[in-house]
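Below you'll find the structure, written out as structure tokens, and then a few comments.
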Amino acid sequence: MATDILMPALSPTMEEGTLAKWLVKEGDAVAAGDVIAEIETDKATMEVEAVDEGTVGRIAVAEGTENVKVNAVIAALIEDGESADAAAAAPVAEPEAAAAPVVEAAAVVEAAAVATVPAAPVAAAPTPIEVKPASDPDIPEGTEMVSTTVRDALRDAMAEEMRHDEDVFVMGEEVAEYQGAYKITQGLLDEFGAKRVIDTPITEHGFAGIGVGAAMAGLKPIVEFMTFNFAMQAIDQIVNSAAKTLYMSGGQMGAPIVFRGPNGAAARVGAQHSQCYAAWYSHIPGLKVVAPYSAADAKGLLKAAIRDPNPIIFLENEILYGQSFDVPALDDFVLPIGKARIHKSGNDVTLVSFGHGVRYAIDAAAAMAELGIDAEIIDLRTIRPMDMATVIESVKKTNRCITVEEGFPQSGVGAEIGMQIMQEAFDYLDAPVLRVTGKDVPMPYAANLEKLALPSVEEIVEAARAVTYK
Amino acid sequence: MAKAKTTKKSAASKSTTSKAGPKTPAPKDYTKQRELEACRDMLMIRRFEEKAGQLYGMGFIGGFCHLYIGQEAVVTGMQAALIEGDQVITAYRDHGHMLACDMDPKGVMAELTGREGGYSRGKGGSMHMFSKEKNFYGGHGIVGAQVSLGTGLAFNNRYRENGNVCLTYFGDGASNQGQVYESFNMAKLWDLPVVYVIENNRYAMGTAVHRSSALTEFSRRGCSFNIPGIEVDGMDVRAVQAAGELATEWCRSGKGPIILDMQTYRYRGHSMSDPAKYRTKDEVQKMRAEQDPIERVKQRVLEKKWATEDELKAIDKEVRGIVAEAAEFAQTNPEPDASELYTDVLIEVGA
């Protein structure tokens, strides 16, 4: 019988890609190992190999097709004697996430994981996620909006600031010739050259220190960590050198530096690659900690971070990189660090989150609406300094608060928020502040366990029912 | 015993570098004026440190206090090789470096006593002091951290093509920190103008170099990165200056980093609370008697009849006067205002 060839995943978080080229045509005989197609994402390019022998019976997705979902059927192989019609008749079913059918095309990449997202056959162009900037007076009414991925927004922010200021440069592993491990620095080497877009060896502690030293001398480095998990190797330079020098020098010299990179859980990368550091860095006086959710915030806040004379921890999220949001088409779109955004107004319960956690809050708010619970969502955007005024004001209205974060519960961001609400708005509370967090375990690898370890929409809804007594 | 690695007396010696690297230069020919300058500069450090030791004993200086006595020739000779704009960075045994950088003894001493007139307005202390004006970038309390930072300062020089060099000081102890080698690698990869001055005073706190280091010839620590190094008699200010001039010229000519292995010795304990159990009193006495950097200058000056005993005493007296004045200031200057607690945490961004 015909076997389906499915769109493979190139990375743990890939959801779709472009079928760039077919190297075979219908009727061609292929052997296992033959390269049959090329696939591209904004992050990488790869070849697809046949893992079985047979004849290409049907090509289901034409070359050049964009946004092909992972696990969508892209072709079918028929055995000798079978007719192409049999293949053509093969159902284009949506494969189950956990029990994906045997993948007949293997990805030639280091980490080809089974996608955890059910894939629709072929999607239209991605519609931007709607983010109502309810408390963002910085975007004038009527501003043109452009659908932009978080990835491109970050890149644009760096490029714009590098054009404005010769002292700004970017350094890190694979930021230049590779174009960024997550393609955030794509194109920067071409535009700014090797002097300002600098590939470092794999040596986080060393290049973090070099970055801080350069900043102490007045340059404005953007130090990319391939992920913040690796920045633990460099945390002494971040905390002891970058954060404290201004104070220890009596204000004589500081470190205008941005440390940025993906933070928190990606997908199926296990304990050492899936940790949220928001609470860690937010503990340190002398640092500012930014964690945007939307592309507009990513752009406006990264530009602000680069201009800020203080050391900034800029926490991104790999899962958000490829997601599109409306970004205002302004020449110089800079947002204030330290200001939360009310993502959605509501009256019954305040959900406070940041970064990827906002996604859970949005989905939970939708589910709550069906239960008649009207949630207000606050996207902190900055963890330090934390805009508690906005949170307190909201709690005074809703009298209930739930914090949502992917990090561990103990001494987490939610713990801090809960404490501050207790101090500032105790008399307004009609229920205890609840936290929905990552579980108090190292991140497991197994798909089902990972899902359990992360916060979920169900948990948030459950917490909302508890605090609203519904 | 013949190969006693750690008790080599003098090291005016061999180059231990790769084939292409420079050799240890002969000590610089000093004029009368230069000898007397060096004598005075080193005396300033010594008298300052002696006074700091006293003030610590009297409770005016708190916390940790690491004295530089014995190592004065290193910073004095190196400073003479610098030009305007060159940076200096070191770890926590930093008082001598600051005085060599021409920082005001009053401001340094007042920082030691935690007063508002200190270089960091009392918020840094002995180990964390800076002077942007004098290009002194600290004063760092984490062993080895200053090596990456100094490499970053050199990165700045390269980026701006300003012709300046960064002197990055660290000890034999810090030489075993991982980030030192991460920095070496990038410094050579990008040919950054940084002189790594390893102040090998033979003890990392109380651990002798041969007990902590698989390779005790620190001039060779850059071999894996093709960074040349030379061994220098760090007890002879003329030898230090000659090596400093060679090294800074090496960097300025675009050849990248270089290592100077300064063979020196600390007379006092690691900090004020040193048990002094890890070495004998005889060893310290022998170094003081035979190698003391200040006595060596004085002997040369007297032999050449460039100054009399009385004239040298007059220099000492002048220096003691300056130090006494600094100590007086440091004891009477007020503590920082309580409002200083919350200043300088972040730079305010224009509203």
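The values are calculated or read from the model by the stated rules, or taken from the named source; none is laboratory data. Not measured: the values here are computed from a predicted model. Ideal geometry is used to build each Cβ from the backbone, glycine not excepted, and the neighbour counts take in all protein chains shown.
Here is how the numbers come out for the structure above:
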{"item": "Set B:107, B:124: member being more than 20 Å from residue B:245 (Cα to Cα), assigned to a helix (DSSP H, G or I) and free of Cβ contacts under 8 Å to residues at least 60 places away in the same chain", "result": "B:107"}
{"item": "Any chance residue B:179 is facing chain A (nearest Cβ under 10 Å), within 25 Å of residue B:62 (Cα to Cα) and assigned to a helix (DSSP H, G or I)", "result": "no"}
{"item": "Check on residue A:226, facing chain B (nearest Cβ under 9 Å) and modelled with pLDDT of 95 or more", "result": "no"}
{"item": "Leading residue by the ranking (surrounded by the most Cβ atoms within 10 Å (Cβ to Cβ)) among those in region B:110-121 that are more than 7 Å from chain A (Cβ to nearest Cβ), charged (D, E, K, R) and not in a helix (DSSP H, G or I)", "result": "B:115"}
{"item": "Residues of region A:436-452 satisfying the condition of being within 14 Å of residue A:408 (Cα to Cα), surrounded by fewer than 20 Cβ atoms within 10 Å (Cβ to Cβ) and of a type outside the set (Val, Ile, Thr)", "result": "A:439, A:440, A:442, A:444, A:450, A:452"}
{"item": "Residue among B:168, B:151 that alone is polar (S, T, N, Q), facing another protein chain (nearest Cβ under 8 Å) and touching a helix residue (DSSP H, G or I) at 6+ places or on another chain (Cβ under 6 Å)", "result": "B:151"}
{"item": "Test for residue A:158: is it in contact with a Leu (Cβ under 8 Å, 6 or more places away or on another chain), buried (at least 22 other Cβ atoms within 10 Å of the Cβ) and assigned to a helix (DSSP H, G or I)", "result": "yes"}
{"item": "Condition broken by residue A:259, with the remaining ones in (1) crowded, with 24+ Cβ neighbours inside 10 Å; (2) more than 7 Å from chain B (Cβ to nearest Cβ); (3) in a helix (DSSP H, G or I); (4) of a type outside the set (Val, Ile, Thr) satisfied", "result": "(3)"}
{"item": "Pick from region A:454-470, criterion within 19 Å of the chain's Cα centre (by Cα) and surrounded by 19 or more Cβ atoms within 10 Å (Cβ to Cβ), ranking: nearest to residue A:372 (Cα to Cα)", "result": "A:457"}
{"item": "Matching residues, region A:229-252, being surrounded by fewer than 20 Cβ atoms within 10 Å (Cβ to Cβ), in contact with a strand residue (DSSP E or B) (Cβ under 9 Å, 6 or more places away or on another chain) and within 11 Å of chain B (Cβ to nearest Cβ)", "result": "none"}
{"item": "Condition met for residue A:365 (assigned to a helix (DSSP H, G or I), on the phi < 0 side of the Ramachandran plot and surrounded by 23 or more Cβ atoms within 10 Å (Cβ to Cβ))", "result": "yes"}
{"item": "Only one of A:52, A:42 that is at pLDDT below 85, closer than 23 Å to residue A:2 by Cβ and assigned to a loop (DSSP other than H, G, I, E, B)", "result": "A:52"}
{"item": "Residue match in region B:75-96 (condition: among the aliphatic types (A, V, I, L, M), in a helix (DSSP H, G or I), buried (at least 24 other Cβ atoms within 10 Å of the Cβ) and more than 8 Å from chain A (Cβ to nearest Cβ))", "result": "yes"}
{"item": "Single unsatisfied condition, residue B:194 versus (1) within 9 Å of chain A (Cβ to nearest Cβ); (2) surrounded by 24 or more Cβ atoms within 10 Å (Cβ to Cβ)", "result": "(1)"}
{"item": "Complete set of residues in region B:96-111 that are out of contact with any helix residue (DSSP H, G or I) (no Cβ under 6 Å at 6 or more places or on another chain) and at negative phi", "result": "B:101, B:103, B:104, B:107, B:111"}
{"item": "Residue under evaluation residue A:328, criteria (1) more than 14 Å from chain B (Cβ to nearest Cβ); (2) under 30 Å from residue B:344 (Cα atoms), criterion not met", "result": "(2)"}
{"item": "Count - residues of region A:193-223 that are more than 8 Å from every other protein chain (Cβ to nearest Cβ), touching a helix residue (DSSP H, G or I) at 6+ places or on another chain (Cβ under 7 Å), more than 16 Å from residue A:261 (Cα to Cα) and without any contact (Cβ under 8 Å) to a residue 60 or more places away in the chain", "result": "1"}
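For (1) within 12 Å of chain A (Cβ to nearest Cβ); (2) under 16 Å from residue A:250 (Cβ atoms), each residue gets a yes or a no:
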residue: B:100; (1), (2): no, no
residue: B:132; (1), (2): yes, yes
residue: B:141; (1), (2): yes, yes
residue: B:145; (1), (2): yes, no
